[in-house]
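Encoded as structure tokens, here's the structure I'll be asking about.
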Amino acid sequence: MKATGLWCVLWLCVAVFWPAPSALASDDSPDDSLRVMSFNIRLPVEADGVDRWDVRKPLAVRTLREQAPDVVGLQELTPAQAQYLAAHLPGYGRLGRGREADGSGEQMGVFYRTDRLRVVESGDFWLSDTPDRPGSISWGHPHPRMVTWALFERVADGRRFHLFNTHLPYREQDEAARVKGAQAIVERLASLPADVPVVLTGDFNTGPDSAVHAALSAALADAWEAAPRLEGPADTFHAFTGQAQRRIDWIFTRGMTVESVQAVTTRWDGRYPSDHFPVVADLRLH
């Protein structure tokens, strides 16, 4: 056999039988990272025209597939949107119920990779004076506001962490209600075991110079501020223009090391998956 022919055979053997780089990495060093996303997906509104959900929904799926978060907290998620995402993200499980008393309405949905995480327990509470009463409203909210939470366990090593996901009211006059909601979340976190890490995702509808941010920062670390590596703009709400003006989508942590955070600005054919840039944080548990 000629030398060139021998080299071709050898190269074919290497290409077929040599494991992929990802397989080598997983064999040599177990992956102990945790990728978390916060994503206001924008509810279906026909008035959005070319940016309505029917146009955006494959882009939302593509965004989630490309970023491949271990867990994502979604806001403004309706039941029909949740069903669509679940049908097109077969590797993910999901949690969440509607914010209204009967379980209908927008969800603080949580999707998670079933190959990476298992749910130990989960639940919901409402940001009101009666947090355990579904659909309850206090503090002048026009709609119920709530938190969906879960205690997760990593399949690989059994390490556990809590995830909380929320969406605070949006009107300018709702600032006092937003502060009360943030304080209610902090009080709930204070009841958790101190040695179990926590991550909080959400659309907080106010800026990092607000009393809401100050209340949460007293108990948690803002991942954007803690990260040694940042990618994308700080501001996240862009109203489908791509020109964001406010950083209102946050990821907070406790008991975790923040390695990097990015605002995902990807678009396809001029269209964005939402009127918010999703935020992705790469973390490690302490």
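Determine one quarter of the surface area of the Cα convex hull of the stretch 72-142, which equals its mean projected area, and express it in nm² to one decimal.
Directional mean of the projected Cα hull area for the stretch 72-142 stands at 5.2 nm².
Still on this structure, I have one more. Choose one of 262, 81, 219: the residue whose Cα lies farthest towards the positive end of the charge dipole of the chain (beta-carbon charges +1 Lys, Arg; -1 Asp, Glu; about the Cα centre).
Comparing the listed Cα positions along the dipole, 81 ranks first.
Which angle from 0 to 90°, rounded to the nearest 10, does the C-alpha axis of helix 3-17 make with the longest principal axis of the chain?
Tilt relative to the chain: about 30 degrees.
Would you work out which of 251, 111, 127 lies farthest towards the positive end of the dipole of the stretch 33-285? Charges go on Cβ: Lys and Arg +1, Asp and Glu -1.
111
Right, something else. Report, in debye and to the nearest 20, how large the dipole of the chain comes out about its Cα centre when Lys and Arg carry +1 and Asp and Glu carry -1 on their Cβ.
Dipole about the Cα centre, nearest 20: 500 debye.
Could you tell me which of rounded, prolate or oblate describes the chain, using a ≥ b ≥ c as the square roots of the eigenvalues of the alpha-carbon gyration tensor, with rounded for a/c under 1.5 and, failing that, prolate when a/b is larger than b/c and oblate otherwise?
Prolate, because a/c is 1.5 or more and a/b exceeds b/c.
Moving on to the next point. Quick check: the distance between the Cα centres of the stretch 71-144 and the stretch 188-223, to the nearest angstrom?
Measuring centre to centre over Cα atoms gives 18 Å.
Quote to one decimal, in nm, the extra length available between residue 122 and residue 271 on full extension: 0.36 nm per residue of separation minus the C-alpha distance between them.
50.2 nm
Quick one: angle between helix 53-67 and the longest Cα principal axis of the chain, in degrees between 0 and 90, rounded to 10, please.
With both axes taken from Cα atoms, the answer is about 60 degrees.
How many angstrom lie between the C-alpha centres of the stretch 35-54 and the stretch 243-269?
When both Cα centres are located, 17 Å separates them.
For the chain, what does the relative contact order come out to in percent, with C-alpha contacts under 8 Å and a separation of six or more?
Contact order relative to length: 19 percent.
Bear in mind that the values in this text are calculations on the coordinates, not laboratory data. Note that this is a predicted model, so its numbers are computed, not measured. Virtual Cβ from ideal backbone geometry, glycine too; neighbours counted across all protein chains shown.
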